[in-house]
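The values are calculated or read from the model by the stated rules, or taken from the named source; none is laboratory data. Predicted model only: the values in this text are computed from it and were never measured. Backbone-built Cβ (ideal geometry, glycine too); neighbour counts: all protein chains shown. The protein model used for the area step is the full one, side chains on, heavy atoms only, and it has no ligands, DNA or RNA in it. Shrake-Rupley method; radii C 1.70, N 1.55, O 1.52, S 1.80 Å.
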Amino acid sequence: MRYRTLGDLKVGAVGYGAMPLSIEGRPDEARALATVHAALDAGMTLLDTADSYYAPGGEPGHNELLLARALASYGGDTDGVLVATKGGRGRTDDGDWSVDGRPEHLKRAAKESLRRLGTEAIGLYQLHKPDPAVPYADSLGALRELIDDGTVRLAGISNADSDRIRQAHKILGDRLVAVQNRYSPAVRDAEPELRLTAELGIAFLPWSPLGGISRSSLDGASAIAADSAYDGFHAVARARGVSPQRIALAWLLDRSPNVIPIPGGSRPESVRDSAAAADLVLTDEERALLP
């Protein structure tokens, strides 16, 4: 596993998004724990979660508690693992997502996340989404206070446009180390934010990084016909004898040295395949085939 920089830390170039282990359709706990352990074995040292990753009607913080159990039961070294969680969103009983960026809520939510994770401080705490009912500066001020009081070590923001990134950088300074936006072969409207974070020295964490890539066999080369818009990914995958998902992640890493994708996965095989993308370097000929 190659490494990339997040603030003053080095993390695996491909992280793991743990959300699928706790929302609708989640696996049983034994498979969930095995999946996290497989991610750690593969060198994924950035684990992404949120207090809102739970099934509708379930217990807030399910995913954080699961990660805490996975780390406690892991037989290897976890000193280099960075758990990144998020606050400011929730679930409704009908399965929708809510947003709450009030400073008092964020500060309370962060302390509850810290309790669930069972650590001295949250390694990376991210504002999950701007709340249109709350001035963005107020939400960011809560993150600054959480760092000042030792609850949080580093801060990040998610679903943020360029203006909000600049505002967060002004308020948080070098304590702002990550921006987590949707970005994938199919969804590229965050190109300006990717360029801005690179200029500012901030890590860019694409969520849903495999959008546009058909599900394919993990036993070898792509076995499912590709969408014509993305058949280049499948062509490279067939030539390499790997999954098109792995090629998509390698393509993301190739976009900029500050990119750290965080693909999900609910099976050990899936996360091992994703982690392998960190060591796949595209050739110029392969880049020319990828849109």
In segment 122-157, what residues are in a helix (DSSP H, G or I), open to solvent by 10 Å² or more (accessible area, probe 1.4 Å) and hydrophobic (A, V, I, L, M, F, W, C)?
-> A137, I147
Report the residue count in segment 11-58 for those that are among the polar types (S, T, N, Q), in contact with a strand residue (DSSP E or B) (Cβ under 7 Å, 6 or more places away or on another chain) and more than 24 Å from L280 (Cβ to Cβ).
-> 2
Single unsatisfied condition, R246 versus (1) within 25 Å of G25 (Cβ to Cβ); (2) open to solvent by 40 Å² or more (accessible area, probe 1.4 Å); (3) assigned to a loop (DSSP other than H, G, I, E, B) = (3)
Residues of segment 1-57 that turn out to be among the small types (G, A, S) and farther than 19 Å from L124 by Cα, as a count | 9
Does at least one position in segment 199-220 carry a residue that is aromatic (F, W, Y), at pLDDT below 95 and either within 25 Å of R31 (Cα to Cα) or surrounded by 18 or more Cβ atoms within 10 Å (Cβ to Cβ) (or both)?
-> no
Just give me the residues in segment 252-271 being closer than 29 Å to P27 by Cα, not in a loop (DSSP other than H, G, I, E, B) and not small (G, A, S), in sequence order.
-> L252, L253, V259, P268, E269, V271
For segment 110-119, state whether one or more residues are open to solvent by 10 Å² or more (accessible area, probe 1.4 Å), acidic (D, E) and outside any helix (DSSP H, G or I).
-> no
A50 being under 20 Å from Y16 (Cβ atoms), open to solvent by 60 Å² or more (accessible area, probe 1.4 Å) and not hydroxyl-bearing (S, T, Y) = no
Among the residues of segment 3-31, which ones are part of a loop (DSSP other than H, G, I, E, B), surrounded by 14 or more Cβ atoms within 10 Å (Cβ to Cβ) and of a type outside the set (A, V, I, L, M)?
-> G7, G15, S22, R26, P27
Considering every residue within segment 74-94, establish whether at least one is at pLDDT below 95, β-branched (V, I, T) and in a loop (DSSP other than H, G, I, E, B).
-> yes
Before we move on, is S162 surrounded by fewer than 17 Cβ atoms within 10 Å (Cβ to Cβ) and under 15 Å from Q180 (Cβ atoms)?
-> yes
Scan segment 275-291 and give yes if some residue there is at pLDDT 95 or above and touching a Pro at 6+ places or on another chain (Cβ under 7 Å), otherwise no.
-> no
Just give me the residues in segment 272-291 being among the hydrophobic types (A, V, I, L, M, F, W, C), open to solvent by 30 Å² or more (accessible area, probe 1.4 Å) and outside any helix (DSSP H, G or I), in sequence order.
-> V281
